[in-house]
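The values are calculated or read from the model by the stated rules, or taken from the named source; none is laboratory data. These figures come from a predicted structure and were not determined experimentally. Please note: Cβ atoms are built from the backbone with ideal geometry, for glycine as well, and neighbour counts cover all protein chains shown. For the accessible areas, the whole protein counts, side chains as well, though only heavy atoms, and no ligand, DNA or RNA atoms are used. Shrake-Rupley method; radii C 1.70, N 1.55, O 1.52, S 1.80 Å.
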Amino acid sequence: MQRFIWIAVIVGSVPLMVLSWGGGQASDFLVRDDGRTRGNPQAPITLVEYSDFTCGFCVKFFRETWPRIRDKYIETGKVRFLYRDFPRALQGPGVDAAVAARCAGDQGRYWQMHDRLFTNGGRLDEAAFQHHAKAIGLDQPLFMKCLEEARHRGPVFQDRSEGVRLGFRGTPGFVLLWTKDEERQKESPIVLPGAFPFEVFEEQLDRLLGASDAKGKG
């Protein structure tokens, strides 16, 4: 099994963690596309978020930081964004909400459910999930069957286990890595273990994208 090592460094003006692969490339789980992807699949940089729908800092990221990242980097095709579940408890509303989002994803509405769960924070129960399902046009009996069977509980905790392997102990947590250039993919990803303001993401993304542009012109 591949082992990961966090190394504390200062990149630019920000103290961060660098994830050492031991000379190898990023593990497949960090770059797989399972439908919870936003942005250009060919973007040179990927941003991975490990998150919990019940996490106050995750809600803060979604409301304040995510829109600025989306507008500057995702919608312009510069960065691909991946979402990963990291429920902080083994049962309860965080797990239920993660399952509900994936059940919506079975009908092609993952992001609509994801966004409503964060936008309308607070109630995360069956009644709220039904309300959201109706609002985004899901086949409700099919959605409720998926929810009642907890069909996606296993994959939710698979995400969490992978996050633990990376060293995360809480949410949110982020990983920035190269995903286009084969040589760059061998470089150590940048880990942001916590809720950072937009300016931190901006500094690191601009630095990585600048390096990508420089190589392209070389």
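If you take the residues of the stretch 189-218 that are at pLDDT below 75 and open to solvent by 50 Å² or more (accessible area, probe 1.4 Å), which of them is nearest to Ile69 (Cα to Cα)?
Restricting to residues being at pLDDT below 75 and open to solvent by 50 Å² or more (accessible area, probe 1.4 Å), the top hit is Asp213.
Scan the stretch 146-179 for residues that are part of a loop (DSSP other than H, G, I, E, B) and either closer than 22 Å to Cys103 by Cβ or touching a strand residue (DSSP E or B) at 6+ places or on another chain (Cβ under 8 Å) (or both) and report the count.
Selection size over the stretch 146-179: 9.
Looking at Arg84, is it assigned to a loop (DSSP other than H, G, I, E, B), touching a residue at least 40 places away in the same chain (Cβ under 8 Å), out of contact with any Pro (no Cβ under 8 Å at 6 or more places or on another chain) and closer than 19 Å to Gly154 by Cα?
No: the conditions fail for Arg84.
Return only the number of the condition from (1) open to solvent by 20 Å² or more (accessible area, probe 1.4 Å); (2) at pLDDT below 95; (3) among the aliphatic types (A, V, I, L, M) that Ile136 does not satisfy.
Only one criterion in (1) open to solvent by 20 Å² or more (accessible area, probe 1.4 Å); (2) at pLDDT below 95; (3) among the aliphatic types (A, V, I, L, M) is unmet by Ile136, namely (2).
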